[in-house]
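*Asks:* Have a look at this one.
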Amino acid sequence: MTTKFTPDHEYIRVEGSTGIVGITPYAQEALGDIVFVELPSVGKVLKKGDEAAVVESVKAASEIYAPVSGTVTEVNDALTGNPGLINSDPEAAGWIYKIAIADAGEIDSLLDSDAYAELTL
Amino acid sequence: MRYLPHSDHERAEMLGVIGATDIDALFSAVPKSALKTFDLGLPAHSPEFLVEAHMKALAAKNHAGADGPFFVGAGAYRHHVPATVDHLIQRSEWLTAYTPYQPEISQGTLQMLFEFQTQVAKLTGMDVANASLYDGSTGTAEAVLMARRLTRRNKVVLSGGLHPHYRDVVRAYLKDDADLECLSASPEGQGDILDHIDEQTAAIVVQTPDFYGHLRNIKTAADAAHAKGALLIVVITEVVSLGLLEAPGALGADIVVAEGQSIGNALNFGGPYLGLMATRKEFIRQMPGRLCGETVDAEGQRGFVLTLSTREQHIRREKATSNICTNSGLCALAFSIHMGLLGEAGFTRLARLNHANACKLADALAAVNGVEVLNSTFFNEMTIRTSLPAAALIERLAQRGILAGVPVSRLEPTDASIANLIVLAATELTTDADIAALCAALSEELK
Amino acid sequence: MSMNNQGRPTGTGSIGSGFTSTSGSALLPNEPLLFEIGDTEHSGVDLPDVEISTSRLGGFERKMPLDLAGLTEPEAMRHYVRLSRLNHSIDSGMYPLGSCTMKHNPRLNEKMARLPGFSDIHPLQPVSTVQGALEMMNQLSHWLMTLTNTAAVALTPKAGAHGELLGMMAIKAAQDAAGQSHRRIVLVPESAHGTNPATAAFLGYSVKPIPARDDGTVDVQAVKNALSPDVAAIMLTNPNTCGLFEPQVIEIAEAVHAAGAFFYCDGANFNAIMGVVRPGDLGIDAMHINLHKTFSTPHGGGGPGAGPVVLSAALAPFAPVPFVRKGSNGLDLVEHAEGGALGRITAFQGQMGMYVRALTYMLSHGGDGLAQAAQDAVLNANYIKARLQHVFSVPFGDYPTMHEALFDDSFLAGTGVTTLDFAKALIDEGFHPMTMYFPLVVHGAMLIEPTESESKQTLDHFCDVMEELALDAKAGNKERFTSAPLKAPRRRLDETRAARSPILKWERPDEALKAAE
């Protein structure tokens, strides 16, 4: 199991051929209290870089992009009633959607945790 | 100069604290070629009584509504505004406050906006209303853009009964794109927008009472739109009609846009006016404009804040729901106070009075030779066909001191079939004597 | 209640037991909602209850209850007066909100706007009966064109952002007419008002940001590097959002024009230069003017505004309708677009009521008074900067500022006090806070615009308070700031809770309960 990052502050945790996507602790901190999440529909086909979801905080609304290409297999419905999960537990309970990874090669082009940490210094 | 507090002595003292030799030193970043290199040739400052005389002389050249019989409507209506309304909106705390960005010291404006939103939601029968937009015409354009965002479809059909100015504004906002279909003018209430709805349609826009005064069937339009997955946008230019007519929300409307000027706001030659917008609960995140919401403060006391504002200040600005920054706060206040004074009892009576006077007007006009009333249904406004071209006729009646309505050709100059049509409105201010004077003058002119 | 890292409540606290109506304390009222004190039977308007013999409503009569609460006149008067007292306003105290120009609103303006010859005329009554109104619009246009040295003005935009939209539409129309539709890029400096990129994107342009220099201004070389045959326009705010005059603005305009593009100027800060600098002399092609900022029409709790746009000769033919033109028989109102013009952006003639107020203000001030007002606005901002710079941190200290003093939050480093906390503490001292966290290019920005309306005495008092607060923050008295405001009608409000489960209208307690289930 590896976790990779994008410069736009999404993470993707790779479990076999599935990726679990959310935003990093750094991103939730910068956004402030999340008040609304617009989830993708299950079955949606995404290309790397496509807009997959929208998170809205008291400060800003921002897109969550697809870190890799693939098909949405599951979304975190708990966020609809409790968007604050992204603030309290961004990397576990605050995940946003799961994606069936179409091209495993795309994973390699993403940032590893050291490179991401350097970006957010 | 009466608005400027500093004496020359104080100015010199302040420059001393700054360490500047003279005021021009503070403008040192301005290129020399552009700083005070001109003589404006504008008049010098003037005492209050002279300014007043100047403005009064200009105002006196206009024929005011109260100067004679008045039947002009077509999107702006002459109603009575209680003295209380105009007094209250001139209180410093309402007039000279800004947008309530600091809620702790803006609870007056915020609570008023919450009350206003509630009033508009109840009037329209919709779940939620925003804190107002510029006016009905720009509100209609915003509603069309909102429908496109919601449906992710592009085609929009505008009814032939939509106010021609509103249609023109939608055209300008949409850059007249190929997916905008504007049906031709339908002064007799004809034209079936329902035939134009297909699977690509984002929304149809239907006005009721329409520009020509006809009442349109909203339920039928809503059902037809929904059958194809399209939205129904209902436009209302005379909000008083909602005192007697069924709420669009009860008939299936998805977005309601109205011009709110009729309640609390004077004619003002066209502005400032008040755009009302209401919609379904599930659409609020795509609704443009400010919203006020209830919350609590750090001690648990009820209070109000502007909310969901990130929709407008989207981090990627091109995704913002609109570029609107200002609402029409003071006009919304006037509306809300007037509506609070009326209440259901007063508002219903006001609407009945408008309709009753319009019925009298229609009956009297129908009896004039050379006049045909085109409406079988109306609220307080109707269209007549006259035996002579309307524009010149209206001008001659104006010379007699009667403002007899709007020649449709003024708004639709290219359509020859409507050259003899006039749109007229009656309100609670219309008297039997006004109607008699109009009909007598028309009889003479059309002899 | 827990607070987040900005010091705002986070919505996780316990829910209050609902509203309890009390009369408040002393002069600070607690006012129930209209719907909690009114009902559907009371009314404050006397109207006859007429019979309608044959209704023409065609079966579309209302069946859904209106359920609108009404108040009698004395009750209404008290409700709205009590509510009003919960607001800060220009008339009750200094309102130094940067980029908003909260100057004095003369009451002569209000009196003139209410003359029946202006307020009781209909936008569609015959043009022959409104010659005075058209003449008034012409006079206002003359003042605006003279102050800016431009060829034309489009009066109709309803507010600044609407004017911005119109100005960019005119540029697009002009380029379409000249076969230049391939120009799809608009340059926008990073320090711009957020509405600028939004407007450009709305019209289908792609936005190319221009970085700010270390001194907060735009580098002409950066503009030149970004220019290409595909650039339609630059949108530049001048004076800029940091309160600085762009020293290279003429060179920027020349470079933009040489590349065949237009110069849109955001005129939100025109108050700093009116009567002193004419934007037309700087090479601008279009600029909106916020009548509610520069020309004293009231802000009204958030509108109505008015945003006329002045246009260069190149753009004048592309102005929207309607506009006033001299005809054979007096003044005409041109209401239908000719040629490549872009049509209509609002019903009717725009914000007439605001035109009257603005012209009244201009006539009161005169050309000399307007120039003096601009100079006093700049003097006041520089005075604040001079008095406070030893305690506060100034990001761009090299230039004199224009009409705004800008500080960053580095003076608060290590105190645990944020810009937001500092602003809220200012409320307890009787002042409206300054603009916070804008412009974005400055960390923790505090943007102070005193306007020309403040006396030296008020400015001194403001500076004393600001200085005392800054020293107290540095002395470690954090609690005073993080708990502020304590003396306002409300403590800090829970914005997170408002956004997470929006309550946007009043519902009867039983309905609200049902809706929550």
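The values are calculated or read from the model by the stated rules, or taken from the named source; none is laboratory data. Every value quoted in this text rests on a predicted model; they were computed, and no experiment measured them. Heads up, the Cβs are rebuilt from the backbone with ideal geometry, glycines too, and the neighbour counts pull from every protein chain shown.
*Asks:* Report yes if C:E335 is charged (D, E, K, R), closer than 27 Å to B:S328 by Cα and free of Cβ contacts under 8 Å to residues at least 60 places away in the same chain, otherwise no. Show your work before the answer.
*Replies:* Numbers: charged (D, E, K, R): yes; closer than 27 Å to B:S328 by Cα: yes; free of Cβ contacts under 8 Å to residues at least 60 places away in the same chain: yes.
Yes, satisfied.
*Asks:* Now for a separate question. Just to check your reading of the model, which residue among A:G94, A:G70 is crowded, with 21+ Cβ neighbours inside 10 Å, over 18 Å from C:R500 (Cα atoms), in contact with a strand residue (DSSP E or B) (Cβ under 9 Å, 6 or more places away or on another chain) and touching a residue at least 12 places away in the same chain (Cβ under 8 Å)? Give the steps one after another, and end with the answer.
*Replies:* Values: A:G94 fails: over 18 Å from C:R500 (Cα atoms).
Checking each option against the conditions leaves just A:G70.
*Asks:* With respect to C:G301, is the statement that it is farther than 29 Å from B:R171 by Cβ and in contact (Cβ under 8 Å) with a residue 12 or more places away in the chain true? Steps first, please.
*Replies:* Working: farther than 29 Å from B:R171 by Cβ: yes; in contact (Cβ under 8 Å) with a residue 12 or more places away in the chain: yes.
So C:G301 fits the description; yes.
*Asks:* Could you tell me how many of the residues in the range C:175-197 are buried (at least 22 other Cβ atoms within 10 Å of the Cβ) and either under 23 Å from C:N225 (Cα atoms) or modelled with pLDDT of 95 or more (or both)? Break it down stepwise before answering.
*Replies:* Here is the first cut: in the range C:175-197, the residues buried (at least 22 other Cβ atoms within 10 Å of the Cβ) are C:183, C:186-189, C:191-193, C:195-197.
Still in the list and also either under 23 Å from C:N225 (Cα atoms) or modelled with pLDDT of 95 or more (or both): C:183, C:186-189, C:191-193, C:196-197.
Residues that pass the stated criteria total 10.
*Asks:* Going through the range B:272-311 one residue at a time, which ones are within 17 Å of the chain's Cα centre (by Cα) and modelled with pLDDT of 95 or more?
*Replies:* First, the residues of the range B:272-311 that are within 17 Å of the chain's Cα centre (by Cα): B:272-278, B:288-290.
Once the filter is applied, which keeps residues that are within 17 Å of the chain's Cα centre (by Cα) and modelled with pLDDT of 95 or more, the range B:272-311 yields B:P272, B:Y273, B:L274, B:G275, B:L276, B:M277, B:A278.
*Asks:* Hey, another quick one. Please specify each residue of the range C:496-512 satisfying the condition of being out of contact with any strand residue (DSSP E or B) (no Cβ under 9 Å at 6 or more places or on another chain) and either part of a helix (DSSP H, G or I) or of a type in the set (A, V, I, L, M) (or both).
*Replies:* Result: C:P509, C:D510, C:E511, C:A512.
*Asks:* Same structure again: Here's a check for you: in the range C:319-339, which residue that is closer than 12 Å to C:L166 by Cα and within 12 Å of chain B (Cβ to nearest Cβ) is surrounded by the fewest Cβ atoms within 10 Å (Cβ to Cβ)? Spell out the reasoning first.
*Replies:* Let us first name the residues in the range C:319-339 that are closer than 12 Å to C:L166 by Cα, namely C:319-321.
Next, from what is left, pick out any that are within 12 Å of chain B (Cβ to nearest Cβ): C:320-321.
Values: C:P320: 25, C:V321: 21.
So, considering only residues that are closer than 12 Å to C:L166 by Cα and within 12 Å of chain B (Cβ to nearest Cβ), the one surrounded by the fewest Cβ atoms within 10 Å (Cβ to Cβ) is C:V321.
*Asks:* Considering only the range C:66-84, I want to know if a residue exists there that is within 7 Å of chain B (Cβ to nearest Cβ), closer than 29 Å to B:G73 by Cβ and within 23 Å of the chain's Cα centre (by Cα).
*Replies:* Within the range C:66-84 (the criterion being within 7 Å of chain B (Cβ to nearest Cβ), closer than 29 Å to B:G73 by Cβ and within 23 Å of the chain's Cα centre (by Cα)), the answer is no, since none of the residues qualifies.
*Asks:* I've got another one for you. Could you grab the pairs with beta carbons closer than 7 Å, sequence gap of 6+ or different chains, first residue in the range C:121-142 and within 15 Å of C:T360 (Cβ to Cβ), second one buried (at least 20 other Cβ atoms within 10 Å of the Cβ) and of a type in the set (D, E)?
*Replies:* none
*Asks:* What are the pairs, 6+ residues apart or on separate chains, where a residue within the range A:28-39 that is over 16 Å from A:A52 (Cβ atoms) has its Cβ under 7 Å from a residue that is modelled with pLDDT of 90 or more and part of a helix (DSSP H, G or I)?
*Replies:* That search, which allows pairs on different chains as well, returns A:Q28/A:I86; A:Q28/A:N87; A:D33/A:N87; A:D33/C:T496; A:V35/C:T496; A:V35/C:A499; A:V35/C:R500.
This table checks each residue for (1) aliphatic (A, V, I, L, M); (2) touching a residue at least 40 places away in the same chain (Cβ under 8 Å).
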| residue | (1), (2) |
| --- | --- |
| B:A20 | yes, no |
| B:V30 | yes, no |
| B:L42 | yes, no |
| B:L50 | yes, no |
| B:L58 | yes, no |
| B:K61 | no, no |
| B:H79 | no, yes |
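*Asks:* What number goes with the only condition from (1) more than 30 Å from C:K424 (Cα to Cα); (2) charged (D, E, K, R); (3) at the interface with chain B (Cβ under 7 Å from one of its Cβ atoms) that C:D91 does not pass?
*Replies:* (1)
*Asks:* Can you confirm whether C:N382 is touching a Ser or Thr at 6+ places or on another chain (Cβ under 8 Å), over 17 Å from C:G307 (Cα atoms) and more than 8 Å from chain B (Cβ to nearest Cβ)?
*Replies:* Working: touching a Ser or Thr at 6+ places or on another chain (Cβ under 8 Å): yes; over 17 Å from C:G307 (Cα atoms): yes; more than 8 Å from chain B (Cβ to nearest Cβ): no.
No.
*Asks:* Return the residues of the range C:475-498 that are more than 9 Å from chain B (Cβ to nearest Cβ) and either modelled with pLDDT under 95 or surrounded by fewer than 23 Cβ atoms within 10 Å (Cβ to Cβ) (or both); say none if nothing qualifies.
*Replies:* Within the range C:475-498, C:A475, C:G476, C:N477, C:K478, C:E479, C:R480, C:T482, C:L486, C:K487 qualify.
*Asks:* Here is a further query. Scan the range C:120-169 for residues that are of a type in the set (G, A, S), within 11 Å of chain B (Cβ to nearest Cβ) and crowded, with 24+ Cβ neighbours inside 10 Å and jot them down. Steps first, please.
*Replies:* Looking only at the range C:120-169, we keep the residues that are of a type in the set (G, A, S), and these are C:128, C:132-133, C:141, C:151-152, C:154, C:159-161, C:163, C:167.
Imposing the further condition that a residue be within 11 Å of chain B (Cβ to nearest Cβ) reduces the set to C:128, C:132-133, C:159-161, C:163.
Matches in the range C:120-169: C:A133, C:A159, C:G160, C:A161, C:G163.
*Asks:* Output the number of residues of the range B:63-77 satisfying the condition of being touching a residue at least 24 places away in the same chain (Cβ under 8 Å), assigned to a loop (DSSP other than H, G, I, E, B) and at the interface with chain C (Cβ under 7 Å from one of its Cβ atoms). Working first, answer last.
*Replies:* Here is the first cut: in the range B:63-77, the ones touching a residue at least 24 places away in the same chain (Cβ under 8 Å) are B:63, B:65, B:67-77.
Remaining after also requiring assigned to a loop (DSSP other than H, G, I, E, B): B:63, B:68-69, B:71-77.
After this cut, where a residue has to be at the interface with chain C (Cβ under 7 Å from one of its Cβ atoms) as well, the list is B:63, B:72, B:74-76.
Residues meeting the conditions: 5.
*Asks:* Kindly indicate whether any position in the range A:78-91 is assigned to a strand (DSSP E or B) and surrounded by 15 or more Cβ atoms within 10 Å (Cβ to Cβ).
*Replies:* Filtering the range A:78-91 down to residues assigned to a strand (DSSP E or B) leaves none.
No, there is no match, as no residue in the range A:78-91 is assigned to a strand (DSSP E or B) and surrounded by 15 or more Cβ atoms within 10 Å (Cβ to Cβ).
*Asks:* Something else now. Name the residues in the range B:1-50 that are within 7 Å of chain C (Cβ to nearest Cβ) and β-branched (V, I, T), would you?
*Replies:* B:V17, B:I18, B:I23, B:V30
*Asks:* Within the range C:196-216, restricting attention to residues that are within 13 Å of chain B (Cβ to nearest Cβ), over 16 Å from C:F262 (Cβ atoms) and touching a residue at least 40 places away in the same chain (Cβ under 8 Å), which residue is farthest from the chain's Cα centre (by Cα)?
*Replies:* C:D215
*Asks:* Residues of the range A:14-60 being charged (D, E, K, R) and in a strand (DSSP E or B), which ones? Quick ask: steps written out before the conclusion?
*Replies:* First, the residues of the range A:14-60 that are charged (D, E, K, R): A:15, A:29, A:33, A:38, A:44, A:47-48, A:50-51, A:56, A:59.
A:E15, A:E38, A:E51, A:E56, listed by residue number.
*Asks:* Could I ask something else about it? Has the range C:342-350 got any residue that is more than 7 Å from chain B (Cβ to nearest Cβ) and either assigned to a loop (DSSP other than H, G, I, E, B) or not basic (K, R) (or both)?
*Replies:* Filtering the range C:342-350 down to residues more than 7 Å from chain B (Cβ to nearest Cβ) leaves none.
Looking for residues that are more than 7 Å from chain B (Cβ to nearest Cβ) and either assigned to a loop (DSSP other than H, G, I, E, B) or not basic (K, R) (or both), one finds none in the range C:342-350, hence no.
*Asks:* Looking at C:L406, C:L363, C:L440, which one is over 21 Å from the mean Cα position of the chain (by Cα) and either aliphatic (A, V, I, L, M) or crowded, with 19+ Cβ neighbours inside 10 Å (or both)? Give the derivation first.
*Replies:* Numbers: C:L406 fails: over 21 Å from the mean Cα position of the chain (by Cα); C:L440 fails: over 21 Å from the mean Cα position of the chain (by Cα).
The unique qualifying residue is C:L363.
*Asks:* Can you pull out every residue in the range B:369-383 that is within 9 Å of chain C (Cβ to nearest Cβ) and in contact with an Asp or Glu (Cβ under 7 Å, 6 or more places away or on another chain)? Don't jump to the end; show me each part of the working.
*Replies:* Narrowing the range B:369-383 to residues within 9 Å of chain C (Cβ to nearest Cβ): B:375-379, B:382.
The answer is B:F379, and nothing else.
Let's see how each residue does on (1) over 14 Å from C:E449 (Cα atoms); (2) assigned by TED's automatic domain parsing to the domain that holds C:L440; (3) touching a Cys at 6+ places or on another chain (Cβ under 7 Å):
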position: C:A381; (1), (2), (3): no, yes, no
position: C:I384; (1), (2), (3): no, yes, yes
position: C:V391; (1), (2), (3): yes, yes, no
position: C:D398; (1), (2), (3): yes, yes, no
position: C:H403; (1), (2), (3): no, yes, no
position: C:D408; (1), (2), (3): yes, yes, no
position: C:T415; (1), (2), (3): yes, yes, no
position: C:L426; (1), (2), (3): yes, yes, no
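*Asks:* For residues in the range B:161-182 being over 16 Å from B:A143 (Cα atoms) and modelled with pLDDT of 95 or more, which is nearest to the other protein chains (Cβ to nearest Cβ)?
*Replies:* Within the range B:161-182, the match that is nearest to the other protein chains (Cβ to nearest Cβ) is B:P164.
*Asks:* Return yes when C:E404 is over 17 Å from C:T241 (Cβ atoms) and at pLDDT 95 or above and no when it is not.
*Replies:* On the way: over 17 Å from C:T241 (Cβ atoms): no; at pLDDT 95 or above: yes.
In short, no.
*Asks:* Separate question: Does the range B:413-428 contain any residue that is over 17 Å from B:G65 (Cα atoms), within 14 Å of chain C (Cβ to nearest Cβ), of a type outside the set (S, T, N, Q) and part of a loop (DSSP other than H, G, I, E, B)?
*Replies:* Start the filter on the range B:413-428 by keeping residues that are over 17 Å from B:G65 (Cα atoms), which leaves B:413-422.
From what's left, within 14 Å of chain C (Cβ to nearest Cβ): B:413-415, B:421-422.
Going one step further and asking which of them are of a type outside the set (S, T, N, Q), we end up with B:413, B:415, B:421-422.
From what is left, the residues that are part of a loop (DSSP other than H, G, I, E, B) are B:413, B:415.
Yes, that holds for at least one residue.
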